[in-house]
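The values are calculated or read from the model by the stated rules, or taken from the named source; none is laboratory data. In this text, all values refer to a predicted model and were calculated from it rather than measured experimentally. All Cβ positions, glycine included, derive from the backbone under ideal geometry; neighbour counts span all protein chains shown. Accessible surface is based on the protein model in full, side chains and every heavy atom, while ligands, DNA and RNA are left aside. Shrake-Rupley method; radii C 1.70, N 1.55, O 1.52, S 1.80 Å.
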Amino acid sequence: MICFFLSLFAQVFQPGWTGVNERTFIAIKPDGVQRKLVGEIVQRFEKKGFKLVALKLVKASEDLLQDHYWDLRSKPFFRGLISYMSSGPVVAMVWQGLDVVKTARKMLGETNPAESLPGTIRGDYCVDVGRNVIHGSDSVVSAQKEISLWFRQKELQHWESSSNPWIY
Ligand code: DAT
Ligand code: MG
């Protein structure tokens, strides 16, 4: 048990994953791609001041999606969710910055678009919980798990953003 908490602590507080180096996994779902929302959504994260670390257009396998949504496997909507998420390409991304996990969730809005405020992505661009256009990690631990599921280490770019001194 102690080992588990030590390894969890080490995972969450490893130097590359906190403060301005915090990372989150964001995916524009197949409906977001079909509805031509990719540019608009990427722009929101860029303009906010977060740094793009990885981006790819992928058709996710059912195996990957089952791992990704493992916590929801007993929900009645699970099959529908997997089939919707595998129905077309998804834009998978990693964004980095101070408090990016929490802030990105605010930018997304609530799970149900009807409860999402105007100004949020789900509040502005969708109406149905089953077609809510975007995914964002709900914690730093989930972000680490999701980034490692969707990306290989070498796909994560290390680069200095020239706007850093104007953001921090
Ligand atoms: P979120 O995507 O806000 O983290 P979640 O992790 O609870 O929400 O659920 C994952 C996705 O599953 C969600 O984005 C849309 C779908 N979903 C959740 N609740 C649903 C419901 N009641 N009916 C249909 N789909 C649902
Ligand atoms: Mg979730």
Does region 38-88 hold any residues that are more than 19 Å from D138 (Cβ to Cβ), open to solvent by 100 Å² or more (accessible area, probe 1.4 Å) and either out of contact with any Pro (no Cβ under 6 Å at 6 or more places or on another chain) or in a helix (DSSP H, G or I) (or both), and which are they? E46, K47, D63, P76, R79
Taking the options D67, D71, name whichever one is touching a helix residue (DSSP H, G or I) at 6+ places or on another chain (Cβ under 6 Å), at pLDDT 95 or above, of a type in the set (D, E) and within 16 Å of ligand 2 (Cβ to nearest atom). D67
If you take the residues in region 98-107 that are aliphatic (A, V, I, L, M) and surrounded by 19 or more Cβ atoms within 10 Å (Cβ to Cβ), which one is farthest from ligand 1 (Cβ to nearest atom)? V100
In region 108-134, residue nearest to ligand 1 (Cβ to nearest atom) [restricted to those that are touching a Ser or Thr at 6+ places or on another chain (Cβ under 9 Å) and not in a helix (DSSP H, G or I)]: N132
Please pick out the residue among E115, E110 that is within 15 Å of ligand 2 (Cβ to nearest atom) and out of contact with any helix residue (DSSP H, G or I) (no Cβ under 7 Å at 6 or more places or on another chain). E115
Name the pairs: first residue in region 131-152 and among the acidic types (D, E) and open to solvent by 20 Å² or more (accessible area, probe 1.4 Å), second residue modelled with pLDDT of 95 or more and more than 14 Å from ligand 1 (Cβ to nearest atom), Cβ to Cβ under 6 Å, at least 6 apart or on different chains? none
